[in-house]
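The structure under discussion appears below in the form of structure tokens.
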Amino acid sequence: MVMILICILAPWLAMFLRGKVIQGILCILLHITLIGWIPATIWALVVTRKEAA
């Protein structure tokens, strides 16, 4: 539940916490733009769900 909240508020942080540094940096670049925030959140949720399964 906490990880989902992190994915919504700071998707780049979720990537860094999962050990995906390069993806985290790309996620920061997406998160900087308002349009890219939604894809970054979805991407972080997908990565988090794959890691949890």
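The values are calculated or read from the model by the stated rules, or taken from the named source; none is laboratory data. Computed from a prediction, not measured in an experiment: that's the story for all the values here. No Cβ is skipped: glycine too gets one built from the backbone with ideal geometry, and neighbour counts run over all protein chains shown. Note: areas computed on protein heavy atoms with side chains; ligands, DNA, RNA excluded. Shrake-Rupley method; radii C 1.70, N 1.55, O 1.52, S 1.80 Å.
Can you give the local net charge around Arg49? Use residues other than it whose beta-carbon is closer than 15 angstrom to its beta-carbon, Lys and Arg +1, Asp and Glu -1. Each step should come with its number before you reach the end.
Working: positive: Arg18, Lys20, Lys50; negative: Glu51.
Charge balance in the 15 Å sphere: +2.
In the P(r) worked out for the chain, what percent of Cα pairs fall beyond 12 Å? Display every interim value, and only then the final one.
Working: 756 of 1378 pairs.
Considering the chain, 55 percent of its Cα-Cα pairs are separated by more than 12 Å.
So, for the chain, what is the accessible surface per residue at a probe of 1.4 Å, expressed in square angstrom?
On the way: 3660 Å² over 53 residues.
For the chain, the per-residue accessible area is 69 Å².
Of all the accessible heavy-atom surface of the chain, with the other protein chains kept in place and a 1.4 Å probe, what percent is carbon and sulfur? Kindly include the intermediate steps, with their values, before the conclusion.
Values: 2880 of 3660 Å².
Here carbon and sulfur together make up 79 percent of the probe-accessible area.
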